[in-house]
Amino acid sequence: MLARFSRFLTLAPVAILVVTSCTREFPMQPMRPNVIAQDTGGPPPPNDNRDSATFIPFLPFDDSTDVSNATIEPGEPTSFCHDAIAQPTRTVWYVYVSHAPGTVQLTAQLFGPAPGIVSAYFDSVGAGLLPVGCNSNFGPVTFNADSGMVFFLQVSDSAGAAGPTVFHLQQDSSGGGGGGNDNFADAELAPGVPFSATAVFDAATRELNEPSPCGFQQRTVWYAFTPTATERLVTSVQSPFFDILHVYSGTSLNDLSFLTCTFSFSQTSFTAVAGTTYYFQVSSDQPGTATFQLQPPPPPQANFFTSPFDPSSFDVVQFFDQSFDPGGVGIQTRQWSFGDGATGTGFSTTHRYAADGDYLVQLTVTTFDGRTGSVSRNVQVRTHDVAIIRFQTPSSGATGRTTKLSVDIRSNRLPETVEVQLFKSVPGGYQLVATSRQTLPTRNRVTSVAFSYTFTPQDAVIGKVTFRALVNILGGRDALPADNEAIGPPTKVSR
């Protein structure tokens, strides 16, 4: 590793071996296949690969960059910020060696206009790149650094979107530490929601008698919130480690009532009653930081399906709600608009359309706490109807003789492509003899399909043959299938 960073050490002469004091086993990043971004016409940027990362000689540092022509290396790490969006397809790299004495706090951030994600990794001896944080250009990444630590900063596209952006890295004026909310009595007050804060565990401790119903950890920090109105709230903690978030109500450390808990990169919800103070205990076994968030629940995710999926004007269509409330409150009402002026309510409802057409169906759902969500979807109503109007078969035949048969078909509504099948009777049922594909371009126009059949000795043994015709619509469902089949009278067969 010293050889790899010799060019960095000439600019910042520090002892990187200091990081060997980190003895925790960190989870390794998964390997990903080599995904190459679409070439937009220019060469990749000079810091496209990690080994050619742009060295940051001093702070604060700003660099205008654009990942539009960048690529992905085999085995590049993926930060957890991409898990909820999409895997990156283009990245560039920066490297920084902390040379400030003691522990300092660093902040990395992207400033648009193009969307992007910045991810910070600690280069650990023997363990590779370990994630320490990430964020989009809507917020910073804050982490602590000891003298001699090497950090790689990865700037990537966001869900495929890329363009000009500015990468910024600074050393904050305050150093690392547990902050002022280490103890319950000093809980940081959230003035309202949404609320987000960086929990710093470096100097955090655990007080005597702190509860831990979902898991004991050595370091804790506290937050508090008192709502002015009763509302549903969602809270979460984001961290590369296995951190825990507990939610309590009460007035002191010794009389807390446990409400719920969650873990890193998950969330939990609860109903906050107006005037009641709620306490949030964020805990970890590791130094570093985590992001604590308290926010209103997102709107419900409206969704539905229909049966049948290909309705005709003869069908009574069933509509089924498949909506979901991520806030956990539940859906109270459902309002349906069927696109033809008719409406409905309820989890499941029915409607029949009077004519073919494309109808924009909208479902609006409302939760018990008043949040709403809606979804609109086109429902295509197409009425397919073809019929066999005449089936001509011979009255008699003989072994070896070839006879003609004809099937007259008609489409009663739409131009159709159909397959006409001819069967003959055999012991136990029918046997397929021939098929013919036909196009019926004009409504109510009769199309005659001709078939030939040569009688066999087996037909003569039986003494008769019964012919059957069947017409099937290709790419559609016949709304009135009863006249899709015709069976002729028995044909007498002699030797």
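Side notes on the structure shown:
- Heavy-atom surface of region 145-286, accessible at 1.4 Å and reported per residue (Å²): 39 Å²
- Between the entries (1) 25.5; (2) 23.4; (3) 29.1, the label attached to Kirkwood radius over Cα pairs in Å calculated for this structure is (3).
- Net +/- balance of residues flanking V273 in space, Cβ distance below 12 Å, scoring K and R +1, D and E -1: 0
- Per residue, region 315-355 exposes 50 Å² of accessible surface when a 1.4 Å probe is rolled over the protein heavy atoms with every protein chain present.
- Estimated dipole of the chain in Debye, rounded to 20 [Cβ of Lys and Arg +1, of Asp and Glu -1, Cα centre]: 3220 debye
- For region 308-337, backbone nitrogen atoms closer than 18 Å to the point 7 Å from A159 Cα along Cα-to-C-beta are found at 326.
- Rolling a 1.4 Å probe over the heavy atoms of the protein chains gives region 379-495 an accessible area of 52 Å² per residue.
- Take the Cβ atoms of S249 and D285, set R0 to 30 Å, and the FRET efficiency comes out at 0.70.
- As a length-normalised measure over Cα pairs under 8 Å and 6 or more apart, the relative contact order of the chain settles at 9 percent.
- Over the chain: helical MRE at 222 nm, DSSP H runs n ≥ 4 each giving -39500 (n - 2.57), nearest 500: -500 deg cm²/dmol
- Partners for K424 among aspartates and glutamates (Cα-Cα distance below 14 Å; same-chain residues under 8 apart left out): D459, E485
- What the Cβ-Cβ distance of D62 and F265 gives, at R0 = 25 Å and to the nearest 0.05, is a FRET efficiency of 0.25.
- Taking the charge dipole of the chain about its Cα centre, with +1 at Lys and Arg Cβ atoms and -1 at Asp and Glu Cβ atoms, the residue from V329, S494, S266 reaching farthest to the positive side is S494.
- Packing-based order for 281-291, 363-373, using average beta carbon neighbours within 10 Å, highest first: 281-291, 363-373
- Heavy-atom surface analysis with a 1.4 Å probe gives the chain a carbon and sulfur content of 52 percent of its accessible area.
- Within region 191-320, the proportion of Cα pairs with more than 20 Å between them is 51 percent.
- Net charge of neighbours whose Cβ lies under 12 Å from the Cβ of S448, counting Lys and Arg as +1 and Asp and Glu as -1: +3
- Estimated at the nearest 10 Å², the accessible area of Y279 is 30 Å² with a 1.4 Å probe.
- Listed peptides 115-127, 433-445 by packing density, highest first (mean Cβ within 10 Å): 115-127, 433-445
- Calculated FRET efficiency for the pair V426/D483, C-beta based, R₀ 25 Å, to 0.05: 0.50
- Global size of region 139-256 as Cα Rg and Dmax, reported in angstrom: 17.6, 53
- Cα principal axis extents for region 217-294, largest first, Å: 35, 25, 15
- The calculated Kirkwood hydrodynamic radius for region 343-482 is 18.9 Å, given to one decimal from all distinct C-alpha pairs.
The values are calculated or read from the model by the stated rules, or taken from the named source; none is laboratory data. Fair warning: this is a prediction, and the values are worked out from it, not measured in the lab. Using ideal geometry, Cβ is built from the backbone for each residue, glycine included, and neighbour counts are taken over all protein chains shown. Side chains are part of the model used for accessible areas, which takes the heavy atoms of the whole protein and leaves out ligands, DNA and RNA. Shrake-Rupley method; radii C 1.70, N 1.55, O 1.52, S 1.80 Å.
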